[in-house]
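Asks: Pasting a structure below so you can have a look.
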Amino acid sequence: MSRGPESGESEASLETAAETAVNQCLALRPNESCVVVTDDERRAIGTALYDAASDLTEDCVLACYPPGEQHGTEPPAPVAAAMRGADVVCCPTTKSLSHTRARSRANEVGARVATLPGITEEIFRTGLDTDYREIERCCEEIHEAVADATEIRVTSPAGTDITFEPGDRPWLTDTGIVHEPGAMSNLPAGEVFVSPESATGTYVVDGTMMPHGLLDRELEFTVEDGSVTEISDDAIREQIESAADDVGDAAYNLAELGIGTNIAVTELVGSVLLDEKAAGTVHIAVGDDHGIGGDTEAPLHLDGILREPTVHADGEEVTLPATEC
């Protein structure tokens, strides 16, 4: 559990981060409605965002509920209804709402949505202390390099060698700039990603992956024709098997390839939310992809972060951002 504010300086930092999210990232306007969705373990962050939003609009609601069981679990029906009814939705939650029907349906009716899955007070202050227009520019450069490729190959010193076929699915950018109706972003933001139609090979996670956090060992995954077929880690294998009891093979879906572009994140800290955005990293996910351009629904979305990857698009090496883009 993250520590609460211990001084006036920490409280100001939390407030400043909330103001960045509401003003720069979401561009909330006085004539708009806003709902902040949080849970009992992230109430302090939710309250900071609610306070910042309330300074701009009187039509603001704070919705709080017990944490979900795992990432991708749907929120309670009244919360989902509130999300659909708002112009702006901000979700600092213990478990991710990014890959839920509630989030996608809110976007479908025009809501601007920012999700902050697994956010802590420290990461909230750190990850929002950056210029999101610069991150937007980095995303545009990476997107231009990969958008038309028919094949993406990722390798790494840890042993990754996997080839993705995006097919007709679009590459998306998570810039943190959520100004248009129906737009969605994680906060902290900074990635370019796709839900590939297929993938084959091996990827080795040597950065961060839940439930372990920052890893002290490597986790190996074998992928064949877009499905994970072998998993070296018992805890992750059991989590996927449990989901498969409900949804079958969808739980093994190779869901995402993402490239981190947040130049303010210079080291991994053990939070998937922040670490998957770190400039120069790649993350690969298993499970649900219906909210990011795919067609698979599953009650989990498990990202693993790879250090020091090399990315080739149709044989051409892609220059990944480091501290500058």
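Each reported figure results from applying straightforward, stated rules to the coordinates on display, with no laboratory input. Everything numeric in this text was worked out from a predicted model, so none of it was measured. Here the Cβ is made from the backbone with ideal geometry for all residues, glycine too, and neighbour counts use every protein chain on show.
Asks: Projected onto the charge dipole of the stretch 93-216 (+1 at Lys/Arg Cβ, -1 at Asp/Glu Cβ, origin at the Cα centre), which of THR160, THR126, THR115 gives the Cα projection farthest towards the positive end?
Replies: Result: THR115, furthest along the dipole toward the positive end.
Asks: How big is the dipole moment of the stretch 8-127 about its Cα centre under a simple scheme where the beta carbon of each Lys and Arg is +1, that of each Asp and Glu is -1, and everything else is neutral? Debye, nearest 20, please.
Replies: Here the size comes out at about 580 debye.
Asks: Still on this structure, I have one more. To the nearest 0.05, how large is the calculated FRET efficiency for ALA77 and HIS212 if R₀ is 35 Å and r is the Cβ-Cβ distance?
Replies: 0.60
Asks: Rounded, prolate or oblate for the stretch 8-127? Axes are the square roots of the Cα gyration tensor eigenvalues, ordered a ≥ b ≥ c, and the cut-off for rounded is a/c under 1.5.
Replies: Oblate, because a/c is 1.5 or more while a/b does not exceed b/c.
Asks: Enumerate the amide H contacts of MET184 below 5 Å, restricted to partners 5 or more residues apart or on another chain; note that Pro and chain-start residues carry no placed amide H.
Replies: VAL113
Asks: Report the one residue of MET210, PRO181, GLY260 whose Cα lies farthest in the direction of the positive end of the charge dipole of the chain (charges on C-beta: Lys and Arg +1, Asp and Glu -1; origin at the Cα centre).
Replies: Farthest towards the positive pole: PRO181.
Asks: With +1 on each Lys and Arg Cβ and -1 on each Asp and Glu Cβ, how big is the dipole of the stretch 151-264 about its Cα centre, in debye rounded to the nearest 20?
Replies: My answer is approximately 460 debye.
Asks: Give me the dipole magnitude in Debye, nearest 20, for the chain about the Cα centre, with unit charges on the beta carbon: positive for Lys and Arg, negative for Asp and Glu.
Replies: The dipole magnitude comes to about 860 debye.
Asks: Compute the distance in nm between two label points, each set 7 Å from the Cα along the Cα-to-Cβ direction, one at ASP249 and one at GLU165.
Replies: Here the answer is 1.5 nm between the modelled labels.
Asks: What does the helix-only formula give at 222 nm for the chain: each DSSP H stretch with n ≥ 4 adding -39500 (n - 2.57), the total divided by the residues, and the result rounded to the nearest 500 deg cm²/dmol?
Replies: -7000 deg cm²/dmol
Asks: Between GLU108 and ALA147, what is the FRET efficiency for a Förster distance of 41 Å, r being their Cβ-Cβ separation, to the nearest 0.05?
Replies: According to the calculation, E is roughly 0.95.
Asks: Compute the Cα gyration tensor for the stretch 132-317, then decide on rounded, prolate or oblate, letting a ≥ b ≥ c be the square roots of its eigenvalues: rounded whenever a/c is under 1.5, prolate when a/b is larger than b/c in the other cases, and oblate in all that remain.
Replies: rounded
Asks: Could you work out how far apart the two model spin labels at ASP314 and ARG133 are, taking each label as a point 7 Å from the Cα in the direction of the beta carbon, and quote it in nm?
Replies: Taking the two extended label points, one gets 3.3 nm.
Asks: Another one. Compute the separation of the alpha-carbon centres of the stretch 298-323 and the stretch 109-184 and state it in Å as a whole number.
Replies: 11
Asks: At 0.36 nm per residue, and after removing the present C-alpha to C-alpha distance, how many nm does the segment from SER232 to HIS179 gain when stretched out fully?
Replies: Between SER232 and HIS179, full extension yields 15.0 nm more.
Asks: Can you give me the long-range amide H partners of SER198? Hydrogens built in the peptide plane at 1.01 Å from N, cutoff under 5 Å, separation of 5 or more residues or another chain.
Replies: HN-HN under 5 Å from SER198: GLU165.
Asks: Given a Förster distance of 41 angstrom, what is the FRET efficiency for SER242 paired with ASP55, based on the Cβ-Cβ distance and rounded to 0.05?
Replies: 0.45
Asks: Need the C-alpha centroid separation for the stretch 220-258 versus the stretch 53-70, integer Å.
Replies: 33
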